[in-house]
Amino acid sequence: MSKIPAPTLPEGHPDRVLLCQDALEAEFLSLPDRAQRAGWSREEVAMALMELADCYFLVNADFETLELGGGLVRLARKLH
């Protein structure tokens with residue numbers, strides 16, 4: 001595993017997420033390759049990565065409420 005570069009932009013900068021994607025890309029792309037070599041199908045790996053990313057976001061996001069209504073989910077960011 002290689003070292004993930006540290007951010008070079010301040011928090012809140014509009015390009016910071018893109019910079020983070022660039023920093024994570026090599027490690028992220030190596031994970032499905034390793035999983036497929038272990039015997040998992042591309043579809044299984046893709047679905048697992050999506051579920052893991054979704055769960056990571058929901059567990060680590062700073063949300064106050066989860067409202068269900070009209071078939072839509074609305075997440076409200078907590079105000080500090």
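Nothing in this text is a laboratory measurement; each read-out follows from the coordinates by a stated rule. All values reported here derive from a predicted model rather than from experimental measurement.
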Once you have the Cα-Cα distance between Y56 and Q36, take 0.36 nm times their residue separation minus that, and quote the gain in nm to one decimal.
5.0 nm
Pull out the extension gain between A23 and T8, defined as 0.36 nm times the separation in residues minus the alpha carbon to alpha carbon distance; nm, one decimal.
4.3 nm
Per residue of the range 46-54, in order, report the coupling 6.51 cos²θ - 1.76 cosθ + 1.60 (Karplus, θ = phi - 60°) as ³J(HN,Hα) in whole Hz, putting x for Gly and Pro.
4, 5, 5, 5, 5, 5, 4, 5, 4
